[in-house]
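Peer 1: Shown below is the structure under consideration.
Throughout, read-outs are computed from the coordinates displayed, never taken from laboratory work. Since we're looking at a predicted model, the values are computed, not measured. Every residue, glycine as well, gets a Cβ built from its backbone with ideal geometry; the counts of neighbours run over all protein chains shown.
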Amino acid sequence: METVARERAYNPFEVAQSQFDRIAEQIGLDEGAKQLLRNPMREFHFNIPVRMDDGATRVFRGFRVQHNDSRGPGKGGIRFHPQETIDTVRALAMWMTWKTAVVDIPLGGSKGGVICDPHELSMREQEQICRGWVRQVARDIGPISDVPAPDVMTNSQHMLWMLDEYEHITGTHMPGMITGKPVGMGGSLGRTQATGYGVIYTLREALREKEMDPSHCIASVQGFGNVAQYAIELFDQLGGSVVAVSSWDQTDRRSYSFRRPGGVSLDELRSITDRFGGIDKAKAAELGYEVLPGEAWIEQEVDILIPCALENQINADNVDSIHSRVRIIAEGANGPTTPEADAALRKRGVFVIPDFLANAGGVTCSYFEQVQSNMNYFWDMDEVLGKLDTIMTAAYLDVSNFATKKHLEMRDAAQVLAVSRVAQSCRDRGWI
Amino acid sequence: MGDRDNHGVDLFQRRADGRGSGIDRIGRGEIGGKASGLVFLRDQVLARIDASRFEGIVVDVPRMTVIASGVFDRFVELNALDPDELAHHDDAWIAHVFQRANMPPTIVGDLHNLIRGLRAPLAVRSSSRLEDALDHPFAGVYGTKMLPNNQHDSTTRFKRLIEAVKFVYGTTWTRTARSYHESLGEDIGHESMAVVLQEVVGRRSGDRYYPDVSGVVRSWNPYPFPGCTPEDGVASLALGLGRQIVDGGASWTFCPRRPRIQPPWADVADRARNTQTGFWAVNMGRPPVHDPTRETEFLVEGQLTDAERDKRLDPIVSTWDTQNDRLRPGRIGPAGSPRVLDFAPMLQFGELPVAELLVELIDVAREATGSEVELEFAIDFGLRRDDPARCRVLQMRPMAVHGGTVEVAEDELDHPETLVRSTSVLGDGDETVHDVVFVDPETFDRAHTREVAEELAELNATLLAERRPYVLIGFGRWGSSDPWLGIPVQWGDISGVRALVETSLDELMADPSQGSHFFHNLVGRGAMMLTVPRTTPIAWDALRALHEVRRTKWCRHVRSDRPLRLRVDGRHGRGVIRTDDR
């Protein structure tokens, strides 16, 4: 009940629009550009009827929002979530536009979703949702128009069902229609690691700027899904240590934090984690982890916080509980910090690497996958990660230099850069 | 975060030109022996040299980036590579396994960025923990790969670079390296490898990229020329890449303090016959067949006529005037005239103060390190006549000099139970062994020296495993890269040897190659060497009479019940191997 109440109070699209309005004002964007960019260019809302395993028919609500494609084909994931709303999808589509622009890859921003809870669906039922979703938007997506990808509670299997349905409809082979496919079936090596690694590539550069040695830094991570796990892996390789992680417990319908002051063991936690990133709390306790309430991840005495779960996790209610030792927040999740919390962090001098920069590794590798799929020629891991690091680091340095030059916070600098690039491409095309 | 480590090496920064200044580092850990030597050279040797004394030539170290040893450790861990497991496979398989492995994600971005800003040919060299240590010389044990790095597409250059780094990594666990570690009592699992990425010195001529001169200079010469002392040092020069010298190919050897003293060749014809005829260069032309496991993948061998066409010979060559049977400095007469690479215009006529510079380098380096030293360098004369020549020091390593404790009297050479006697020795020692391996003079055929080398490696492995030091007797130049000049063993193939006997046959005579890695390892390990001329017989019958442990197609392994005594007196140049009568 509490979560639902907060969802009503927090409208991500309003947040995205207010962020945009502030930036538009700051760079003196003309009215036409403002009108074009503060709303999606296209939206698709549709029903997906599915015959369930028990023989009953259920109708799921699906969306695809294409915010802006002036810089290239739309790009954005498909979320399966019981609390999905069109405003969440709109906000995330807009953020995808800024994200592809800030890392300077030739793509636009889109997002899709289905209101459903995969935990309660069989694989066959999920497959029917995937195929039904594609049947509804097949005419409006594709390798040269809008390229979906996995997101919250969707994975490579879902992508493959969607690709298969799309190819069946069009009578072609078009692996570039979707990304996040399994390796060997049009997927790219490094895709699984990309978002988490990308977070740490930007964090590494921030640590260099702040003259902080990673081997002397400890971090707390929210979430234990794909992004969090690979972020922990690379942070560990840089010499850092993660002392707390949190994860969602599907049985208890609440989250827990798991703490070990000497540093968590990634391999150990992976061995007791379900496919959605839920850590078995009983086994964790047996392994010597302290099992704490879900919110505890944010209160840890650490140098770095890495939120890698859902949006709206650092907000006005909990921002004051962040420990005074924290110097950097690397936003692995989309929109984890509300504007109120952002303002409070700014006042405290906490350095925030904004979400659409920090977690752009995923979309960057999706772009690599799309390029490889369209060529039907695939790169090795070293090449993928070498290029990923280059793009992420260049993007971070662009934003950081711009922020220093213009005396801006990182989020504002990233948004100004991104919005300016998108607005310019709209102007270049003669749209505005 | 500290951007400079305790060697004074900056952390690699992604700048607009993709390159930091001078020497920088990627990753954590040690920078290894080779890189440490160069940092020391930059800070403690070159900084003390008054460059203005050497007109027309500047000296420095090439720009380089070091991939620190922690990256190798991580690479091994990430790909679950196990040296013990790979020990059951041959070197080709090990190289293949390393090529299939992935580089750590923490550094691929830096390498990608580095290569985007770099278009010059690159040398990718090993710099291991033990390499170039005074008591553990590992010269030539690990691989080096040269890359043209001239592909238009940065992705291709990146891939070649990654392959080259993995190639060097793979050589950490080869049979040669393993055997070498065993001979030192070191666990190969403890070895860690840094990699040096160094710009290749030289310039492009057609499809070849090479320096005008490569060289090795040593501050101590165990075989001094007449009129010189060991302390005068010795230098070897060659045209093209230094591989020519360090692999034991033909080169010009001289005393840097007395460059006008001619090496003891019999006559001009003899000198002309033994001159360098080919040279190594980086292949800048059509890409070869892709083979990332081959060290020479991007190397090409040129002939002197090619270098003449490239107009690279004038300052380094003499022409054989056959009518008057004399050498005339410079390139005289039409192309195709007999040339001798004796560097006379430079050394005899002082067109460039190279000899003086080498003397200064070894003197300052000896003082700075407190030990004898060996330096590898390359010189590029520049494109235009008025460009200063650029001498770049590629490597500096200490030299272990053993000597001065054993005295072999002249009459000892006549002892009745002597198996081998020599008046030209290297090293110093008084030891006993029981085992002798010799190349059988009755069956020896220089067309089959590679097979001999293979058999010796096998025998060495057995003797090493049994911890039995031994004497090795063979023909021609040990460690020669040219199988017609001697037996082309690598040091790891004979690493258990205590005394090496080099003798001649009518058909096979060669001088020791002083600049070679093989020679360096021999001296560095304190092994002794006895050179026996054709005229001094070896007691073959007595050797054959010993208990034969094993006979292969070309070699024999014999064992004496009584100890065999090795006595080598480097100071007086005398040595004997005989049955111990104590």
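Peer 1: Charges at C-beta only: +1 for Lys and Arg, -1 for Asp and Glu. How large is the resulting dipole of chain A about its Cα centre, in Debye rounded to 20?
Peer 2: My answer is approximately 860 debye.
Peer 1: Based on the alpha-carbon gyration tensor of region B:410-579 and its eigenvalue square roots a ≥ b ≥ c, which shape applies: rounded if a/c is under 1.5, prolate if not and a/b is larger than b/c, or oblate?
Peer 2: Here region B:410-579 falls in the rounded category.
Peer 1: Among the lysines, select those whose C-alpha is under 19 Å from the C-alpha of A:Lys99, and discard any that sit fewer than 8 residues away in the same chain.
Peer 2: Reachable lysines: A:Lys34, A:Lys75, A:Lys111, A:Lys387.
Peer 1: If the cut-off is 13 Å between C-alpha atoms, which aspartates and glutamates fall inside it for A:Lys281, apart from same-chain ones fewer than 8 positions away?
Peer 2: Cross-link targets: A:Asp249, A:Asp252, A:Glu268, A:Glu290.
Peer 1: Taking Rh as the Kirkwood radius computed over C-alpha pairs, what is the Stokes-Einstein D of region B:201-401 at 25 °C in a medium of viscosity 0.890 mPa s, expressed in µm² per second?
Peer 2: The diffusion coefficient I find is 140 µm²/s.
Peer 1: If you don't mind, there's one more thing I want to ask. Sticking with the crude label model, points 7 Å out along Cα→Cβ, report the distance from B:Gln262 to A:Asn318 in nm, one decimal please.
Peer 2: Output for this residue pair reads 8.9 nm.
Peer 1: In nanometres, what is the gap between the two model label sites at B:Val58 and A:Ser271, each 7 Å from Cα along Cα-to-Cβ?
Peer 2: Each label point lies 7 Å from its Cα, and together they span 5.9 nm.
Peer 1: Next question, about the same structure. Read phi for every residue in region B:121-129 and hand back ³J(HN,Hα) as whole Hz from Karplus 6.51 cos²θ - 1.76 cosθ + 1.60, θ = phi - 60°, with x for Gly and Pro.
Peer 2: Per-residue couplings from phi come out as x, 10, 9, 10, 10, 6, 8, 7, 4 Hz.
Peer 1: Still on this model: How much FRET efficiency would the formula 1/(1 + (r/R0)^6) give for A:Glu301 and B:Glu407, where r is the Cβ-Cβ distance and R0 is 60 Å, rounded to 0.05?
Peer 2: Working from the Cβ atoms, E equals 0.25.
Peer 1: Helix-derived [θ] at 222 nm for the protein assembly as shown: sum -39500 (n - 2.57) over DSSP H runs of at least 4, divide by residue count, nearest 500?
Peer 2: -10000 deg cm²/dmol
Peer 1: Please give the FRET efficiency for B:Gln99 paired with B:Glu451, using the beta carbon to beta carbon distance and R0 = 35 Å, rounded to the nearest 0.05.
Peer 2: About 0.75, to the nearest 0.05.
Peer 1: If you don't mind, another one. Mind checking which lysines have their C-alpha under 24 Å from B:Lys34, skipping anything on the same chain fewer than 8 residues away?
Peer 2: Cross-link targets: B:Lys145, B:Lys166.
Peer 1: Would you order B:Leu543, B:Leu237 from fewest to most other beta-carbon atoms within 10 Å of each residue's own beta-carbon?
Peer 2: Taking fewest neighbouring Cβ atoms as first place, the list is B:Leu543, B:Leu237.
Peer 1: Please work out whether the protein assembly as shown counts as rounded, prolate or oblate from its C-alpha gyration tensor, where a ≥ b ≥ c are the square roots of the eigenvalues and a/c under 1.5 means rounded, while otherwise a/b larger than b/c means prolate and anything else oblate?
Peer 2: Working: a/c = 2.61, a/b = 2.16, b/c = 1.21.
In terms of gyration-tensor shape, prolate.
Peer 1: Run the numbers on region A:59-174 and let me know its relative contact order in percent, using alpha-carbon pairs under 8 Å that are six or more apart.
Peer 2: With pairs under 8 Å counted, the relative contact order is 33 percent.
Peer 1: Tell me, which longest segment in chain A has none of the chymotrypsin sites (Phe, Trp or Tyr not before Pro) that fall in DSSP loops with at most 14 further Cβ atoms within 10 Å?
Peer 2: In chain A, the maximal stretch lacking such sites is A:1-376.
Peer 1: Assign one of three labels to chain B, namely rounded, prolate or oblate, based on the Cα gyration tensor with a ≥ b ≥ c the square roots of its eigenvalues; rounded applies when a/c is under 1.5, prolate when it is not and a/b is larger than b/c, and oblate otherwise.
Peer 2: It is oblate, given that a/c is not under 1.5 and a/b is not larger than b/c.
Peer 1: If you filter region A:209-257 for GluC sites (Glu not before Pro), then keep DSSP loop positions with at most 13 other Cβ within 10 Å, what is left?
Peer 2: Taking region A:209-257 and a limit of 13 other Cβ atoms within 10 Å, the loop GluC sites (Glu not before Pro) found are A:Glu211.
Peer 1: Which residues among region A:49-73 fall inside the zone where the amide N is under 20 Å from a point 7 Å beyond the Cα of A:His168, along Cα→Cβ?
Peer 2: Residues passing the 20 Å test: A:49-63.
Peer 1: Please give me, ordered by residue number, the trypsin sites (Lys or Arg not before Pro) of region B:246-352 that lie in loop per DSSP and have at most 11 other Cβ atoms within 10 Å.
Peer 2: The qualifying sites are B:Lys311.
Peer 1: Can you pull the one-decimal nm distance between simple spin-label points at B:Ser371 and A:Glu340, each 7 Å off the Cα toward Cβ?
Peer 2: Taking the two extended label points, one gets 6.9 nm.
Peer 1: Moving on. Which of the listed residues, A:Gln229, A:Gln424, A:Val103, is farthest toward the dipole's positive end in the protein assembly as shown, when Lys, Arg count +1 and Asp, Glu count -1 at the beta-carbon?
Peer 2: A:Gln424
Peer 1: So for chain B, averaging the separation of alpha carbon pairs under 8 Å that are six or more residues apart and normalising by length, what relative contact order in percent results?
Peer 2: Averaging sequence separation for qualifying contacts and normalising by length gives 15 percent for chain B.
Peer 1: Given the alpha-carbon gyration tensor of region A:334-432, what are the semi-axes of its equivalent ellipsoid in whole angstrom, ordered largest first, with each equal to the square root of 5 times an eigenvalue? Provide the component values of the computation, followed by the final result.
Peer 2: Details: eigenvalues 163, 73, 32 Å².
Largest first, region A:334-432 gives 29, 19, 13 Å.
Peer 1: How high is the relative contact order of chain A? Use alpha-carbon pairs under 8 Å, at least six apart in sequence, and give a whole percent.
Peer 2: Computed value for chain A: 16 percent relative contact order.
Peer 1: Please list, ordered by chain and number, the residues whose modelled amide H lies under 5 Å from the amide H of B:Arg550; skip anything fewer than 5 residues away on the same chain.
Peer 2: Long-range HN contacts for B:Arg550: B:His557.
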